[in-house]
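For reference, the structure is listed below as C-alpha cells.
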Amino acid sequence: PGGGGNKELYQRLLEQLPEGSKGDLQKVANQTFETIAMAKVSTSAHEAAKLGFLRPQDGLSVNGDHLLHDAKNQVLALAAQGYQPPQRKKLPIVGEAGYATLALGAQTMHFSQYISDHDLKIAKKLAYVIAGGKLPAGTLVDEQYLLDLEREAFLSLAGEPKSQARMQHMLVKGKPLRN
C-alpha cells in the first residue's frame, strides 16, 4: 500500500457490508488497519477473498502460464461490452474519533514492545489515512481525498532514513528490516 492500496482495501471491505446498511465503519477501519499494519498476505485465492483482496467478480487464473492469455481475453471481452470506468464514489470515514481508536491500538502494541518506534510512526500515519484525517465520523469523502492522504503519508515516510533503510534491506536481502 502507498499507491492507492490503503484506500482500495478500505473500499473493498466497505463493499462487503450488506446493501443499504450503515454497518460498523470502525470495524471496517480496524480490519483494514490490521491487515495492512500486520502486512497480512494470502496463500490462496480463498484467503485473498477473505482478506478483501479479491472481489466476487474478480477472475482467477489457476495456471500461472495462462495468466496473460486469461487477462487479454478478459480485456477483449470488456471492450466488446463497451466497458466504461466506474464513477468515483463517496466513501464514509471514521474520522478523528476513529483515528484515535486506531492510534490507541498502535500505541498499545508499542507499549507492549510488539512494534518499534518507527513501526509506531508508520502505524499512526496509516491510521490517519484510513480514518480520513481530522474530519467528523461519517463524513462522505471522495476517493481522491483518501488517495491524496495516502500519497502524502507515503512521501513523508519515504523521506525518513529508517524507512529508506527498510526499503534498501528489502531490496538487498528480500526480507523486512525491523528498525
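The values are calculated or read from the model by the stated rules, or taken from the named source; none is laboratory data. In this text the structure is predicted, and so the values were computed from the model without any measurement. Note that each Cβ is placed from the backbone with ideal geometry, even for glycine, and that neighbours are counted across all protein chains shown. Accessible surface areas use protein heavy atoms only, side chains included; no ligands, DNA or RNA. Shrake-Rupley method; radii C 1.70, N 1.55, O 1.52, S 1.80 Å.
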query = Projected onto the charge dipole of the chain (+1 at Lys/Arg Cβ, -1 at Asp/Glu Cβ, origin at the Cα centre), which of Leu91, Ala79, Leu146 gives the Cα projection farthest towards the positive end?
reply = Leu146
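Apply 1/(1 + (r/R0)^6) to the Cβ-Cβ distance of Gln74 and Gln107, taking R0 = 45 Å, and write down the FRET efficiency to the nearest 0.05. The partial results should precede the final answer.
Values: r = 44 Å, r/R0 = 0.98.
That pair, Gln74 with Gln107, gives E of 0.55.
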Where trypsin sites (Lys or Arg not before Pro) fall in DSSP loop in the stretch 1-93, at most 16 other Cβ within 10 Å = Lys22, Lys40, Arg88, Lys89
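In the stretch 145-179, which trypsin sites (Lys or Arg not before Pro) are in a loop and have at most 12 other Cβ atoms within 10 Å, using DSSP for the loop call? Walk me through the numbers before you get to the answer.
On the way: sites: Arg151, Lys162, Arg166, Lys173, Arg178; in loops: Arg178.
Within the stretch 145-179, the qualifying trypsin sites (Lys or Arg not before Pro) (loop, at most 12 other Cβ atoms within 10 Å) are Arg178.
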message = Quick check for you: with a 1.4 Å probe and neighbouring chains kept, what is the accessible area per residue of the stretch 9-83, in Å²?
response = 72
Residues listed by number, the stretch 15-52, amide nitrogen under 19 Å from Asn63 label point at 7 Å toward C-beta = 45
remark   = Simple spin-label estimate for Thr139/Gln84, 7 Å along Cα→Cβ, in nm, reads 3.0
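In the stretch 1-144, carbon and sulfur make up what percent of the accessible area (probe 1.4 Å)?
Working: 5300 of 9180 Å².
Here it works out to 58 percent.
What full-extension length gain, to one decimal in nm, is calculated for Leu177 and Gln26 as 0.36 nm per residue of separation minus the Cα-Cα distance?
Working: separation 151, 0.36 × 151 = 54.36 nm, distance 3.00 nm.
That pair, Leu177 and Gln26, stretches by 51.4 nm at full extension.
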query = His169 label point, 7 Å along Cα→Cβ, cut-off 11 Å on backbone N: hits in the stretch 108-129?
reply = 116, 118-119
key: Total charge dipole magnitude, the stretch 44-179, about the Cα centre, Cβ charges on Lys, Arg, Asp, Glu only, Debye to nearest 20   = 240
